[in-house]
Structures are given as structure tokens and as C-alpha cells.
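Below is one structure, written out as C-alpha cells; comments come after it.
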Amino acid sequence: MPRAELNLSSLSDDGAPSSFDLSMTPLAGMIRKSVVLGAAAWKIDDTAFRIAAFRDDPIDGPDERVNQYQFNLITDLPAYPKFWQMLAPASTCCNENMRQFGHEYVFFEMRRLGDGFVHRLPAVPSAFDIIFFGGK
């Protein structure tokens, strides 16, 4: 999505989770299609933030009804460590046009399940108490 359309100024630079509104992002469909308990974002390095979204899923039972989804929000694509791995499958080159594109947009990369976070939880973790609550 265009960087100008995403307000990152409210997010903390110290790595602490801050509330994050999914409604104006490509993840907005998650809010429309299910009960989202909340979302938070935090800075992971100079090129990216991480987003955690927590969705209620009663089908998973009372002990694991909160589903966590995580995304890397890449704010500086040319400096992102996986950038070169992304170029090869995209069949493009790192020319000035590609670098400019990478600076004007932010990119959402869904993290794989089990990649350092738990998908099914009994409740929203206490570290995310500050998140907004809403949903369907």
C-alpha cells in the first residue's frame, strides 16, 4: 500500500506494542469477515514493524479460541534483509525505479505459523492489553 496512506507516526520506536487499526490496510478484510479482538504493531528494526492480529475462533474450543496472525510490515523494501530473495522470483532488477517503488510503498508479509509465535491461544496475551477491540 502507498506509504502516504499509512500513519506510522503513532507507533513506538522502542519496540513496545502500540494499538494498530487494520481498517485502512490490506488486512481490513479480516475485520469484516470475523471477530477481531484487536491488533498491535511494534518496531522490529529500521526496515520493518511487526503486526499481531487476534481473531476469535470459537470452533477451536474454549482453550484455544484466540487465533494470532502476524505480519511483517516492511517500510523500507530495498533495505529489508529478504529483499534480494524477493527480487529473483519477481524477475526484476534493483534499478532506480525499483528502489523508488520500495521507498514509496509499505509491504505486508504474512509470517508462517510457528515462526516464533503461537497461532492458537486461550486469550489475548497480557502484553497486548493496549490493543483496540472491535470486529464484526
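The values are calculated or read from the model by the stated rules, or taken from the named source; none is laboratory data. The structure displayed is predicted, hence computed values, not measured ones. Neighbour counts run over all protein chains shown; Cβ positions are idealised from the backbone, glycine included.
Points worth noting:
- Qualifying residue in the range 104-113 (condition: at pLDDT below 85 and among the basic types (Lys, Arg)): yes
- Any chance Ala40 is closer than 21 Å to Ser10 by Cβ and either in contact with a helix residue (DSSP H, G or I) (Cβ under 7 Å, 6 or more places away or on another chain) or free of Cβ contacts under 8 Å to residues at least 24 places away in the same chain (or both): yes
- Residue within the range 68-75 that is in contact (Cβ under 8 Å) with a residue 12 or more places away in the chain and more than 20 Å from Phe117 (Cα to Cα) present: yes
- Residue count for the range 58-78, restricted to those that are surrounded by 14 or more Cβ atoms within 10 Å (Cβ to Cβ) and under 20 Å from Pro122 (Cα atoms): 8.
- Of the residues screened, Phe101 is one that is surrounded by fewer than 16 Cβ atoms within 10 Å (Cβ to Cβ) and out of contact with any Lys or Arg (no Cβ under 8 Å at 6 or more places or on another chain).
- Selected residue (criterion: modelled with the lowest pLDDT) from residues of the range 1-44 that are exposed (fewer than 14 other Cβ atoms within 10 Å of the Cβ) and in a strand (DSSP E or B): Pro2
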